[in-house]
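Reviewing the structure listed below.
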Amino acid sequence: MHSENPSITDYPKTALVWFKNDLRLHDNEALCQAIADFDQIIFFYGIEKSLFKKLNLGFRKACSNRFLFLKQSVLNLQKNLENLGGHLLIGVDSAAESIPELVTEYNINTIYGECEYASEELQLIDEVKTKLPNVAWNLYWGKTLYHIDDIPFTIEKIPLSSKAYRIPASKESTPRGDPLKL
């Protein structure tokens, strides 16, 4: 018997890849893992208006040049995904508003993305997670040549000079391989 209003359980399980700061397709571990784990994937980038708010200091946090660069980068990501048969949804509202709506609309049960370490980005992830207690999260480190788990420092203790970081890191760590080949 076919129902005209199928329940959400009638749809296949779907993942969401949340692009934030890392807009690369190549060597993007979160993207590679989502593709390996799911047949149906929603790609999403949310424009965070807070990036362009006026600060108490009298100027904007990011200027119009930053916005133009971000616009070009996101549109390039969208074009590259479409060339591979995907489609990037671009939210004009915060991810904190858009992602819960997408989870409901597309029956998303898993979210993939990049780990963050800065307070505002962590706060945004926590806000989204709080709204989605039944969604699995897979966040991957992708910010540096050396994986955060492989360097001989904690984030709080990373040396301020390049040389003080580079010498111990290169002696005690090896860059990880391409996630496409793992």
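The values are calculated or read from the model by the stated rules, or taken from the named source; none is laboratory data. What you see is a predicted model, and the numbers here were worked out from it, not measured in a lab. Note: ideal-geometry Cβ built from the backbone for every residue, glycine included; neighbour counts use all protein chains shown.
For the structure I just gave you, tell me whether Asp27 is modelled with pLDDT under 90 and either within 23 Å of Lys143 (Cα to Cα) or among the polar types (S, T, N, Q) (or both). Here the answer is yes, as Asp27 does meet what is asked. I want to confirm something. Restricting to region 38-52 and keeping residues that are of a type in the set (D, E, K, R) and exposed (fewer than 14 other Cβ atoms within 10 Å of the Cβ), which single residue is farthest from Ile99 (Cα to Cα)? Only one residue tops the list, namely Asp39. Restricting the first member to region 4-28 and to residues that are closer than 13 Å to Thr104 by Cα and in a loop (DSSP other than H, G, I, E, B), and the second to residues that are of a type in the set (Val, Ile, Thr) and at pLDDT 85 or above, the beta-carbon pairs closer than 9 Å and six or more apart or on different chains are Lys13/Ile108; Lys13/Thr110. Trp137 fulfils the conditions (1) at pLDDT 80 or above; (2) over 14 Å from the mean Cα position of the chain (by Cα); (3) among the aromatic types (Phe, Trp, Tyr) except for a single criterion, (2).
Cβ separations smaller than 7 Å between residues 6+ apart or across chains give the following pairs from region 122-141 residues that are closer than 15 Å to Leu102 by Cα to residues that are among the polar types (S, T, N, Q): Val135/Asn109; Val135/Thr110; Ala136/Asn109; Ala136/Thr110.
Answer yes or no as to whether Thr144 is at pLDDT below 75 and either more than 20 Å from Gly46 (Cβ to Cβ) or not assigned by TED's automatic domain parsing to the domain that holds Gln33 (or both). So Thr144 fits the description; yes. Checked against (1) surrounded by 15 or more Cβ atoms within 10 Å (Cβ to Cβ); (2) at negative phi; (3) not aliphatic (A, V, I, L, M), Asn107 passes all but a single condition, namely (2).
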